[in-house]
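Contents: one structure, followed by commentary.
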Amino acid sequence: MFREITEEEALNIIKNKELTDDLLNNENTVFIATQQWCPQWSAMLKYLPDIVKNNDNLAVLWFCYDTSSIFESFMVFKETVWKNALIPYVRYYRNKKLYAQSNYVSEHTFYDIINKGGL
């Protein structure tokens, strides 16, 4: 699965302070909080679809919060609760548990994180 989450799903993340179980329904899930204009996000978009296509047990979800009606509330949540002000901000989950966090990473590093379980 490779998709942008909805604003409703993003609001549930804010409410629960974490991704909800319905978003973590793959063995490996990666969530990216970003802004549409970010060149590093554009770079990641070039390699992510192929990685997802070649990994049946991987879901990559993202939220471009700058183009949403909840821009400020999501940004404040990300920067205060998750304590990360940079974009893109990437959270890696295995079996519904957070095991790594990063900001922009190259394709090689991303692949290493999802296959080796951390940075």
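Listed by first and then second residue, the pairs with beta-carbon distance under 6 Å, at least 6 apart or on different chains, first residue in the range 50-76 and within 21 Å of MET1 (Cβ to Cβ) and at pLDDT 95 or above, second of a type in the set (Asp, Glu) and open to solvent by 70 Å² or more (accessible area, probe 1.4 Å), are TRP62/GLU4. The set of residues in the range 1-17 that are touching a residue at least 12 places away in the same chain (Cβ under 8 Å), within 22 Å of ILE70 (Cα to Cα) and outside any helix (DSSP H, G or I) comprises PHE2, ARG3, GLU4, ILE5, LYS17.
I need the full set of residues from the range 27-39 which are exposed (fewer than 15 other Cβ atoms within 10 Å of the Cβ), modelled with pLDDT of 95 or more and not hydrophobic (A, V, I, L, M, F, W, C), in order please. First the steps, then the outcome.
Initially, the range 27-39 is screened for residues exposed (fewer than 15 other Cβ atoms within 10 Å of the Cβ), giving 27, 36-37, 39.
Going one step further and asking which of them are modelled with pLDDT of 95 or more, we end up with 36-37, 39.
Result: GLN36, PRO39.
Only a single criterion out of (1) open to solvent by 10 Å² or more (accessible area, probe 1.4 Å); (2) within 24 Å of GLU8 (Cα to Cα) is not satisfied by CYS64, namely (1). For the range 69-83, the candidate set comprises residues that are aromatic (Phe, Trp, Tyr) and within 15 Å of ASN16 (Cα to Cα); within that set, the residue that is surrounded by the fewest Cβ atoms within 10 Å (Cβ to Cβ) is TRP82.
The values are calculated or read from the model by the stated rules, or taken from the named source; none is laboratory data. The model shown is predicted, which means the values in this text are computed figures rather than measured ones. Ideal geometry is used to build each Cβ from the backbone, glycine not excepted, and the neighbour counts take in all protein chains shown. Heads up: the accessible areas ignore ligands, DNA and RNA and are worked out on the full protein's heavy atoms, side chains in. Shrake-Rupley method; radii C 1.70, N 1.55, O 1.52, S 1.80 Å.
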